[in-house]
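Structure first, then comments.
The values are calculated or read from the model by the stated rules, or taken from the named source; none is laboratory data. The structure presented is a predicted model; accordingly, all values stated were derived computationally and were not measured. Positions of Cβ are backbone-derived with ideal geometry, glycine not excepted, and every protein chain shown enters the neighbour counts.
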Amino acid sequence: KDRILVGVNNRDPKWHDIHSLDLATGKLTLVLQNEGYGGFLPDENLNLRIATKSRTDGGTDYYAVSDNKVAAMPFASVTLDDSQTTRPLGFTSDGKTMYWADSRGRDTAALIEQDIATGKTTVLAQDARADISSAIADTRTGRVQAYELDYLTHEYVAIDPSIKADLAFLKKEAKGTFWIGSRSDDGEKWIVSIDRVTEPSTTFLYERKAKRLTKLYTSRPELEGAPLVPMLAKEIKTRDGLTLVSYLTQPKAAQGANQGKGKAMAGAPVPMVLLVHGGPWGRDNYGYNTLHQWLANRGYAVLSVNFRGSTGFGKKFISAGDMQWGRKMHDDLLDAVNWAVAEGVTTRDKVAIMGGSYGGYATLAGMAFTPDQFACGVDIVGPSNLFTLLSTIPPYWESMKQQFYKRMGDPTTEAGKAILKERSPLYSADKITRPLLIGQGANDPRVNVAESDQIVAAMSAKNIPVTYVVFPDEGHGFARPANNIAFMAVTENFLGKCLGGRSEPIGAALKASSAQVKHGAQFAPGLKEAM
């Protein structure tokens with residue numbers, strides 16, 4: 001408890017050497033010099049036990065580690081299809097048993113127990129709807145007591161009968177989703193965070209014997225009592241039969257009698273923002289969402305969609321997104337918009353698309369490939385040119401390079417180059433006809449600033465309106481509060497002009513940030529005056 005393991009890539013930017021960090025003195029001690037491994041897994045005593053290495057086919061090899069030396073041959077391997085859904089979770093305290101989230105031989109990841117001496121595996125649990133993402137283990141023995149599942153909402157499922165009553169009590173008291181952050185060494189006291197969506201997340205001390213929750217703190221106390229709104233978990237069907245787990249938030253003015261009962265509103269349609277998650281190998285989840293609440297407060301419905309390629313729903317769903325950037329992955333977003341229109345959530349002429357990273361790419365793709373579908377778009381650190389994106393990926397992503405090539409297109413082949421060019425919004429920038437706002441960090445190591453520079457230059461050369469805001473002290477997203485507030489202020493005024501929602505004047509927010517308006521201040525209301 002007085003030290004942690006950290007990865008540091010100052011020797012070689014491609015690979016993180018493992019160091020032990022003394023928490024009292026700050027001293028770093030080299031544990032293992034990394035020669036080509038993508039990651040490591042220690043046991044509870046911080047002894048390295050497993051190393052991972054990417055394969056040329058996009059899969060992953062797993063190597064045993066003993067006395068900080070990596071074995072010459074892997075003890076397990078997974079293919080590309082299983083690479084996002086299979087991983088070791090941990091070990092029992094005696095070191096004899098290992099746990100996996102494992103999709104080999106099945107679609108969704110099951111919870112697997114493996115005897116290390118014999119290699120024998122036993123399936124402890126699985127769910128056809130979603131991957132088992134994690135597990136909680138006995139603090140003394142390390143044996144798994146429950147697993148975590150997240151389909152529509154996050155839940156814990158008990159394996160050990162001794163904590164079944166505790167999980168049932170927490171579920172009843174939470175009146176929403178809850179998360180177990182940590183537990184005392186004897187397992188009698190737990191730190192639990194509760195998310196009710198319409199309240200800021202609150203953290204409690206749970207005492208098992210007394211079945212008592214004692215409030216410790218609220219994550220955002222200034223939001224207590226604020227007019228926050230519910231989130232609805234929805235299942236949306238695609239044109240080819242897939243199910244998209246999606247999340248809808250509606251402004252108070254649009255909520256009807258069915259709100260909160262899993263149904264869409266019964267009021268008049270309102271403008272909608274399609275908010276696209278990054279990754280794309282990630283997912284949207286049910287719970288309090290800052291962007292959802294902010295946009296709903298401004299008068300918009302907000303829809304987040306787990307399009308094909310998103311994680312958490314089995315390997316087939318992920319692989320359905322292979323080579324589908326700007327194609328079927330984009331079709332899923334369009335199908336979700338069609339659903340929202342059919343449900344009366346919004347009207348077809350009042351939908352904006354917005355997102356960061358892959359969500360920024362999806363915004364550019366939506367504006368360029370389907371220019372009549374969206375009234376406007378907000379792209380945050382999104383790549384416009386997939387070929388240059390892959391040629392400038394940061395060195396520390398070296399271990400993942402083959403996965404990118406297999407799932408997006410291989411820039412080392414002519415066929416791959418053709419796919420990447422075809423799916424790059426940059427080469428269709430002249431087709432963009434609706435207002436576009438772009439935000440970019442100048443120091444972004446993942447999506448180089450040139451990605452945004454390129455498409456802004458292409459659009460301005462054709463006299464297509466675009467507003468471009470760069471933050472010189474930011475990277476892949478906006479971490480500094482002043483910068484985040486400034487860009488959100490610009491965004492809500494931009495959306496207000498496009499969709500008609502509420503907005504506050506930008507005021508001093510822009511000057512309080514590092515924002516540099518590189519192009520198109522005249523296209524965002526109040527931006528020129530705030531500079």
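Observations, loosely collected:
- For region 499-509, the count of residues that are modelled with pLDDT of 95 or more, surrounded by fewer than 23 Cβ atoms within 10 Å (Cβ to Cβ) and in contact with a strand residue (DSSP E or B) (Cβ under 7 Å, 6 or more places away or on another chain) is at least one.
- Test: residue in region 485-494 that is farther than 26 Å from residue 297 by Cβ and in contact with a Ser or Thr (Cβ under 6 Å, 6 or more places away or on another chain): no
- Selection from region 286-298 of residues that are in a loop (DSSP other than H, G, I, E, B) and either touching a Phe, Trp or Tyr at 6+ places or on another chain (Cβ under 7 Å) or within 17 Å of residue 378 (Cα to Cα) (or both): 286, 298
- Tally of residues being surrounded by fewer than 16 Cβ atoms within 10 Å (Cβ to Cβ), among the polar types (S, T, N, Q) and under 29 Å from the mean Cα position of the chain (by Cα) across region 422-465: 1
- Lone unmet requirement of (1) assigned to a loop (DSSP other than H, G, I, E, B); (2) modelled with pLDDT under 95 for residue 104: (2)
- The condition (being of a type in the set (S, T, N, Q), at pLDDT 95 or above and closer than 28 Å to residue 3 by Cβ) is satisfied by just one residue among 93, 20: 20.
- Residue check, residue 51 free of Cβ contacts under 8 Å to residues at least 24 places away in the same chain and farther than 30 Å from residue 392 by Cβ: no
- Scope region 33-62; condition crowded, with 18+ Cβ neighbours inside 10 Å, among the hydroxyl-bearing types (Ser, Thr, Tyr) and either out of contact with any Pro (no Cβ under 7 Å at 6 or more places or on another chain) or part of a helix (DSSP H, G or I) (or both); matching residues: 37, 52, 54, 60
- Residue in region 63-82 that is outside any loop (DSSP other than H, G, I, E, B), farther than 29 Å from residue 150 by Cα and of a type in the set (D, E, K, R) present: yes
- Here residue 238 fulfils each of the conditions (1) closer than 27 Å to residue 447 by Cα; (2) at pLDDT 95 or above; (3) not aromatic (Phe, Trp, Tyr) apart from (1).
- Residue 469 under 22 Å from residue 499 (Cβ atoms), in contact with a Phe, Trp or Tyr (Cβ under 8 Å, 6 or more places away or on another chain) and not small (Gly, Ala, Ser): yes
- The helices (runs of 4 or more DSSP H) located wholly in region 345-415 that include 1 or more residues which are closer than 18 Å to residue 56 by Cα occupy 386-391, 401-408.
- Verdict on residue 408 being aliphatic (A, V, I, L, M) and within 23 Å of residue 16 (Cβ to Cβ): no
- Here region 242-280 is the region considered, the condition is being at pLDDT below 95, hydrophobic (A, V, I, L, M, F, W, C) and buried (at least 17 other Cβ atoms within 10 Å of the Cβ), and the residue that is nearest to residue 151 (Cα to Cα) is 264.
- Test set (1) of a type in the set (Ser, Thr, Tyr); (2) in contact with a helix residue (DSSP H, G or I) (Cβ under 7 Å, 6 or more places away or on another chain); (3) surrounded by 20 or more Cβ atoms within 10 Å (Cβ to Cβ) - residue 491 fails condition number: (2)
- The condition of being part of a loop (DSSP other than H, G, I, E, B) and either under 29 Å from residue 372 (Cα atoms) or in contact with a Lys or Arg (Cβ under 6 Å, 6 or more places away or on another chain) (or both) holds for only one of 503, 513, that being 503.
- Within region 1-21, the residues that satisfy the criterion of being assigned to a strand (DSSP E or B), out of contact with any Leu (no Cβ under 6 Å at 6 or more places or on another chain) and exposed (fewer than 13 other Cβ atoms within 10 Å of the Cβ) are 10, 11.
Table: residues versus (1) under 26 Å from the mean Cα position of the chain (by Cα); (2) surrounded by 20 or more Cβ atoms within 10 Å (Cβ to Cβ); (3) over 29 Å from residue 398 (Cα atoms).
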| position | (1), (2), (3) |
| --- | --- |
| 66 | no, no, no |
| 83 | yes, yes, no |
| 88 | yes, no, no |
| 110 | yes, yes, no |
| 121 | no, no, yes |
| 132 | yes, yes, no |
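- Test: residue in region 126-134 that is within 15 Å of residue 75 (Cβ to Cβ) and in a loop (DSSP other than H, G, I, E, B): no
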